[in-house]
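One structure is given here, and the rest of the page talks about it.
The values are calculated or read from the model by the stated rules, or taken from the named source; none is laboratory data. The shown structure was predicted, so the numbers you read here are calculated from the model rather than taken from an experiment. Quick reminder, even Gly has a Cβ in these numbers, built from the backbone with ideal geometry, and neighbours come from all protein chains shown. Just so you know, the surface numbers come from the protein's heavy atoms only, side chains and all, with ligands and any DNA or RNA stripped out. Shrake-Rupley method; radii C 1.70, N 1.55, O 1.52, S 1.80 Å.
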Amino acid sequence: TRTGDDGWTGLFGNRRVPKDDLRIEAYGTVDELNSLLGLVRAEPLQAEFDGQLAAIQNILFEIGADLATEGGKASLPRVEPGTAQLEQWIDQSEQRLPRLTSFVLPGGTRLAGLLHVVRTVARRAERRFWSLARAVEQAGEPAVPPQLGVYLNRLSDLCFSWARRANADAGKPDVPWRREG
């Protein structure tokens with residue numbers, strides 16, 4: 001407590017860095033993403049879907065820990081099969097959806113809207129991850145495993161599909177984007 005009042009914080013391993021360091025931005029955004037998934041899980045959900053979200057949250061926690069640790073890669077034994085699992089869930093979800101014929105706007109049901117917010121934060125987490133990956137490479141520091149960025153990319157893809165499915169399951173069509181004027 002109070003050790004960060006000066007704008008600095010400690011990484012795992014006790015090295016102090018500014019609170020706006022790219023590493024802090026990366027794992028902080030993963031933490032925000034995980035928190036939003038917790039919000040989605042507060043909705044009335046089917047048990048299978050809730051379990052899928054819980055599995056994602058656990059992997060995200062490990063990704064955050066690796067990002068907070070210089071040279072961290074303890075999550076890889078779960079991230080790599082977790083990425084394959086996300087791809088399976090995408091395929092399963094897409095099989096139940098009509099083909100996209102236009103861009104879609106976030107919206108429809110509350111659950112779809114929440115999943116679109118999760119999707120956009122996953123994209124931001126991915127951007128922060130790749131900024132960190134380039135910075136540590138240029139500085140000659142221990143690399144961050146690229147598999148973590150791949151996981152975040154697949155997660156955002158999955159959330160897009162799940163948002164569409166939330167609408168379809170509720171009998172609501174996708175909200176199409178329409179060019180005004």
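Report the residue count in the range 152-181 for those that are closer than 17 Å to LEU37 by Cα and either open to solvent by 50 Å² or more (accessible area, probe 1.4 Å) or touching a Gly at 6+ places or on another chain (Cβ under 6 Å) (or both).
Total meeting the criteria: 3.
Just one of the numbered conditions (1) under 29 Å from TRP177 (Cα atoms); (2) modelled with pLDDT of 95 or more; (3) open to solvent by 80 Å² or more (accessible area, probe 1.4 Å) is not true of LEU36: (3).
The residue that is surrounded by the fewest Cβ atoms within 10 Å (Cβ to Cβ), counting only those in the range 85-115 that are assigned to a loop (DSSP other than H, G, I, E, B) and touching a helix residue (DSSP H, G or I) at 6+ places or on another chain (Cβ under 9 Å), is PRO98. Within the range 16-55, the set of residues being over 15 Å from the mean Cα position of the chain (by Cα) and of a type in the set (S, T, N, Q) comprises GLN46 only.
Quick check: anything in the range 131-139 assigned to a helix (DSSP H, G or I), within 17 Å of the chain's Cα centre (by Cα), modelled with pLDDT of 95 or more and under 18 Å from SER35 (Cα atoms)? I'd like the intermediate steps shown before the answer.
First, pick out the residues of the range 131-139 that are assigned to a helix (DSSP H, G or I): 131-139.
Still in the running and within 17 Å of the chain's Cα centre (by Cα): 131-133.
After this cut, where a residue has to be modelled with pLDDT of 95 or more as well, the list is 131-133.
With under 18 Å from SER35 (Cα atoms) added as a condition, the list becomes none.
No, every residue in the range 131-139 fails to be assigned to a helix (DSSP H, G or I), within 17 Å of the chain's Cα centre (by Cα), modelled with pLDDT of 95 or more and under 18 Å from SER35 (Cα atoms).
Look at the range 75-87: where a residue is free of Cβ contacts under 8 Å to residues at least 40 places away in the same chain and a partner is of a type in the set (D, E, K, R), sitting 6+ places away or on another chain with Cβ atoms under 7 Å, you get ARG78/GLU62.
Name the single residue that is farthest from LEU36 (Cα to Cα) among those in the range 116-127 being open to solvent by 20 Å² or more (accessible area, probe 1.4 Å) and touching a Leu at 6+ places or on another chain (Cβ under 7 Å). Here the answer is GLU126. For the range 42-66, the set of residues classified as open to solvent by 60 Å² or more (accessible area, probe 1.4 Å) and in a helix (DSSP H, G or I) consists of ALA47, GLU48, ASN58, PHE61, listed by residue number.
Condition test on THR69, is it open to solvent by less than 70 Å² (accessible area, probe 1.4 Å), modelled with pLDDT of 95 or more and under 24 Å from PRO142 (Cβ atoms)?
Details: open to solvent by less than 70 Å² (accessible area, probe 1.4 Å): yes; modelled with pLDDT of 95 or more: no; under 24 Å from PRO142 (Cβ atoms): yes.
So THR69 fails the test.
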